[in-house]
Amino acid sequence: MCGIVACLTKDRDKPTLSIGIDALTRLEYRGYDSAGAAFRTASNTIICKKAIGKILNLQKELEEYDQTALTPLILHTRWATHGTVTTSNAHPLSDCSGNFYIAHNGIVENYTSLKKQLQEEGHVFLSETDTEVIAHLIEKYFINNLEDAVRKALEQVVGTYGIAVISTYEPDKIVAASLSSPLLIGLGEDIIFVASDLSAIAPYIQKVVYLDDREVAVIEPNGYTIIREKKPQEVQWSGSAHDKGNYPHYMLQEIMEQPSTLEETMRGRLDLQEGSAKLGGLISVAVRLSRVNNVQLVGCGTAYHACLFGEYLLEEHACISSKSEVSSEFRYRKRALSKDTALIAVSQSGETADTLAAIKDAVSNNILALGITNSIGSTQTRITDAGVYTRSGTEIGVAATKTFTSQLVSLVLLALLLGRQRKLTLPEGQTIVNELLRIPNLVRHTLLCTDRVLEIAKKYENCENFFFLGRKYNYPIAKEGALKLKEISYVHAEGSYGGELKHGELALVSEHFPSICIVPKDSVYDKMVSNIEEIKTRNGTVIAITTEGNTELKSIADDVIYIPETLEILYPILSIIPLQLFAYHFANLRGCDIDKPRNLAKSVTVE
Ligand code: F6R
């Protein structure tokens, strides 16, 4: 979704524009539909250029400007929420006078009433955005100090914001502020940044300071000030995260990387002797964890599917009553959570607005809040009591793949830890640990099905509807397989319980509406085979994913994909692989924009 990069330098030779554009490009993967830049000129006016579509279009608009030391400079990628995709709605946006420019992530929920009031006071609006009201409010409150005006303006705002503001009145200053929308200050050599995501500016900085809710920061050439000063943290940056190597798409690279990302998720965490897991991020809450009797998992989209898996797993193996719910529902329902409940929030980005709201709610009710995330330093890590990093590396493809399997493995590690404190026996724990050690190789082996999956994708290339069916641990995988296909190929797909078919969904089954059935040799295998028979009896088409060595389905299903044998609870880590590959190949055959599917953003930072 929207991204902010702003910078300021006193070194006149610093190529701020190319640095800023490079940083903005690193946010491209989050999704956007327009981009813009505003900077101060030598004659102390502010020039603002914007373009719809790719950042390349913005670069063309900026070609005529001196590429060095445009300072201060603010840049933005917009993912439209209020107002259509036009240059006038793109950020930065200004007040009536053109003396204040703002880039904003978040939503001003009360913008209609603020806009009406400002219009009555004579302010003229040039965009349909909610953001523009903040620019006019700053103009209204400015006396001779930008941060005071920003603070007063934000007092009027109901909603969320991460903002960067510049003004002709105080030409060497950027004012930044945040509320429920991530923002950080990056300190580099002779250059200071404000950005919404560390990955944008990490190559250019050595230290970072995260803004907390309602903090206002003033950035000047010699440094920054925040109301509450905080100690900078060291930046760890490998520098290679955005290279897709020889792969045509990030998504394919990320699918293929899974053996090594899963190794990373488990590195140093398996304890064979104890049949358990060592999770350093949870040590600080060990005593509270040992008293937990209920677990509530929350997440959105793919992360929610990981939660569903966690629900089956924690209940069965950690012997803890578990429920999962999408964060956007959880946050608005009246719940009776007992004090011995732990909330487990699962989020790749750690910035999903609904999930953060669910965590805040739990924390304010004294419920232990744990997080599973891939994003170091994200808001989620700062508002939860403790957590587990999935360690999957940056995921650029909008459709989550490697982060999902790392979430599944992180949940297995958590189940081991909690289970061994309860009824999971040592031999049971050791069996799981031993099998987890094999998982990277089993995933590597499963990935060899890619050519077979491509063949199948070609066969069904013209179908517009698909069922994905599974039971128990593979029900979340049916949901996830359907979501992957919808997201990147734009065809209709439904993920459902095998057992629900005959309660209505069978009516849709036909030769042209294939069902992808996940049928490993597990405790519900026979039930799933009955479901396949029901589909075949009604002239339906079946693609089955089953365990190697199982020949029974060859004569029943139309196509079969094999995955290696493993424990029932670990099958989902393998069965999702052909489904990720199916979505990829199917979408590729149909010429879709795989890494940046239409209408979607990588990180959903608004409600
Ligand atoms: C699907 C996908 C989304 C995200 C969802 C939650 O491929 O990526 O469904 O899973 O938006 O995002 P996070 O995990 O960042 O909270």
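Read-outs throughout are calculated quantities, based only on the coordinates presented, and are distinct from any laboratory measurement. Not measured: the values here are computed from a predicted model. Heads up, the Cβs are rebuilt from the backbone with ideal geometry, glycines too, and the neighbour counts pull from every protein chain shown.
General remarks:
- With 0.36 nm allotted per residue and the present C-alpha distance subtracted, the K502-S523 stretch has 5.5 nm of extension available.
- Table column - 3J(HN,Hα) (Hz), region 151-167, Karplus curve with 6.51, -1.76, 1.60, x for Gly and Pro: 4, 5, 4, 5, 4, 7, 8, 9, x, 10, 7, x, 10, 10, 10, 10, 8
- For V542, distant residues with modelled amide H under 5 Å away: S515, D558, D559
- The string of couplings for region 208-220 from the Karplus curve (6.51, -1.76, 1.60, θ = phi - 60°) is 9, 10, 8, 7, 8, 3, 6, 7, 10, 10, 10, 10, 10 Hz, one whole number per residue in order, with x for Gly and Pro.
- Region 102-194: translational diffusion in µm²/s, Stokes-Einstein, Kirkwood Rh over Cα pairs, 20 °C, 1.002 mPa s: 155
- Too-long pairs where the Cα-Cα distance tops 28 Å, listed order kept, from K14/K54; K423/K479; K402/K486; K50/K140; K140/K207; K60/K173: K423/K479; K140/K207
- Ranking V491, I226, A277 by how far each Cα lies toward the positive end of the dipole of the chain (charges on Cβ) leaves A277 at the top.
- Size of charge dipole - the chain - debye, nearest 20, with Cβ of Lys, Arg +1 and Asp, Glu -1, no other charges: 880
- Here's how it looks for T547: its modeled amide H is under 5 Å from those of K521, I563, which are all 5 or more places away or on a different chain.
- By the rule of a C-alpha distance below 20 Å, with chain neighbours fewer than 8 residues away ignored, the aspartates and glutamates paired with K527 are E316, E494, E500, E505, E548, E552, D558, D559, E565, E568.
- If the convex hull is drawn through the Cα atoms of region 3-227, its volume per residue in Å³: 104
- Taken along the Cα-to-beta-carbon direction at a fixed 7 Å, the label points for S364 and D13 span 5.3 nm.
- For S324, the residues whose modelled amide H falls within less than 5 Å of its own, excluding neighbours fewer than 5 places apart on the same chain, are L297.
- Label-to-label distance for T431 and K152 is 7.0 nm, based on points extended 7 Å past Cα in the beta-carbon direction.
- Given charges at Cβ of Lys, Arg, Asp, Glu: the chain dipole, positive-most of S88, A583, T77: A583
- Each of P203, A362, A37 was placed along the dipole of the chain (beta-carbon charges, centred on the mean Cα), and the one lying farthest toward the positive end is A362.
- Linear extension gain, K334 paired with D558, 0.36 nm per residue minus alpha-carbon span: 76.0 nm
- Loop sites in region 376-452: trypsin sites (Lys or Arg not before Pro), DSSP, at most 12 other Cβ within 10 Å: K423
- Note: relative contact order over the chain, using C-alpha pairs below 8 Å and six or more positions apart, is 12 percent.
- For the listed peptides 206-219, 317-330, a ranking on the average number of other beta carbons within 10 Å per residue, highest first, reads 317-330, 206-219.
- Within region 241-589, all pairs of alpha-carbon atoms sorted by distance into 10 Å bins from zero give the percentages 6, 26, 34, 24, 9, 1.
- Charge dipole (debye, nearest 20) of region 305-403; +1 at Cβ of Lys and Arg, -1 at Cβ of Asp and Glu: 220
- Placing +1 on the Cβ of every Lys and Arg and -1 on the Cβ of every Asp and Glu, with nothing else charged, gives region 3-227 a dipole about its Cα centre of roughly 220 debye.
- Computed over the chain, the P(r) curve from all C-alpha pair distances, binned at 20 Å from the origin, holds 20, 49, 27, 4, 0 percent per bin.
- Extension gain, H492 to A42: 0.36 nm times the residue separation minus the Cα-Cα distance gives 156.6 nm.
- Its alpha carbons give region 437-589 an Rg and a Dmax of 13.9, 43 Å.
- Highest-first arrangement of 172-178, 20-26, 361-367, 405-411, where packing means the average Cβ count within 10 Å: 405-411, 172-178, 20-26, 361-367
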